[in-house]
Amino acid sequence: MRRAERVPDMVCVRVTRACNARCSFCLAPPDGNHPNTDTLQRRIDWLFGHGMRVVHFCGGEPTLHPGLPRLLAQVRAHAARGTRLTTNGIVMPDAVLDELRASEARVKVSVHGDAAHHDHIVGRPVHDAVVRTIQRLVSRNVHTTVQTTMLASNPEGFDAVLKLSLELGVHGLTVMPFIPRGSGLNRADDFALSEAQRRQARARVRQARRAFSGRLDLRWIDLVTKPFYVLEPDGRLVIEGRSERFDVELTQLGAPSEARAISPTSTGRPPQPGSR
Ligand code: SF4
């Protein structure tokens, strides 16, 4: 079967590129794309029809899309193997929270260090609002993980986020080293970890994983080494590379009948694990 005729188990569906934050390393900065709910539902049906089993809602900021509760309910109706959501946690409408609970979704909330550093990175004084969102998720028994980006300019940020995660009683903490995509493309000099810093950071995460085993599921996820399939708000299904230059477009979704398969070999070799 040709690659474009079947999609992977999990696809990140960017429901919007709109966002209420302006993170300086944003992988998918606002670009005005914001499809309506009907369009997104048709695309999700298409993905399910082509092999997707787990939907990972992301953005932009997915909670800003008014159709998100409907999309979550749609995925639940498909009896999918799982629903994921990544959010900045600045807002969490009750209707979204109710659907996350009903879907037994796994939610990742981004926190980038202590309050001062987080607000500096996000560009708004929102740390307290994010903490309140995490508390609401935990109190409703939603599987919640804190996600943080490791930056060369803020190595101690990990310890602040680790402490907060333990205090809030979340399920896990995911650490992702900075990659120079999107807004981060121009900030690599400030943010990119050297090889030595990367090794040190990984060792620190491993050490914490052992120390807090049973209390906190600590993971290191490097997007450079893991193929990441994304449905963009403009309908492109893409394998994301370490920067936009390495992206591979698999297909373009419009209305279902308009979907056209594109062989990855016509746009370049898909990035291989370990080579991005
Ligand atoms: S990283 Fe996330 S929260 Fe920050 S600007 Fe980008 S989409 Fe918004």
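Observations, loosely collected:
- When residues of segment 208-265 are limited to those that are closer than 23 Å to residue 45 by Cβ and hydroxyl-bearing (Ser, Thr, Tyr), the one modelled with the lowest pLDDT: 257
- Members of segment 111-136 found to be surrounded by fewer than 23 Cβ atoms within 10 Å (Cβ to Cβ) and touching a strand residue (DSSP E or B) at 6+ places or on another chain (Cβ under 7 Å), listed by number: 133
- Among the residues of segment 36-62, those that are within 16 Å of the ligand (Cβ to nearest atom), touching a Lys or Arg at 6+ places or on another chain (Cβ under 7 Å) and either small (Gly, Ala, Ser) or in a loop (DSSP other than H, G, I, E, B) (or both) comprise 59, 60.
- Here residue 139 clears all of (1) surrounded by fewer than 18 Cβ atoms within 10 Å (Cβ to Cβ); (2) touching a residue at least 60 places away in the same chain (Cβ under 8 Å) except the condition numbered (2).
- A count restricted to segment 63-92 and to residues that are of a type outside the set (A, V, I, L, M, F, W, C) and within 16 Å of the ligand (Cβ to nearest atom) stands at 7.
- Number of the exception - residue 118 against (1) within 16 Å of the ligand (Cβ to nearest atom); (2) in contact (Cβ under 8 Å) with a residue 24 or more places away in the chain: (2)
- Test result for residue 86, touching a residue at least 60 places away in the same chain (Cβ under 8 Å), touching a strand residue (DSSP E or B) at 6+ places or on another chain (Cβ under 8 Å) and either under 22 Å from residue 21 (Cα atoms) or not aliphatic (A, V, I, L, M) (or both): yes
- Taking segment 82-190 as the region of interest, the strands (runs of 3 or more DSSP E) fully inside it that hold 3 or more residues being among the hydroxyl-bearing types (Ser, Thr, Tyr) are 82-87, 143-150.
- For segment 11-32, a tally of residues being more than 12 Å from the ligand (Cβ to nearest atom) and either surrounded by fewer than 16 Cβ atoms within 10 Å (Cβ to Cβ) or without any contact (Cβ under 8 Å) to a residue 12 or more places away in the chain (or both) returns 1.
The values are calculated or read from the model by the stated rules, or taken from the named source; none is laboratory data. Just so we're clear, the structure is a prediction, and the values are computed from it rather than from any experiment. Heads up, the Cβs are rebuilt from the backbone with ideal geometry, glycines too, and the neighbour counts pull from every protein chain shown.
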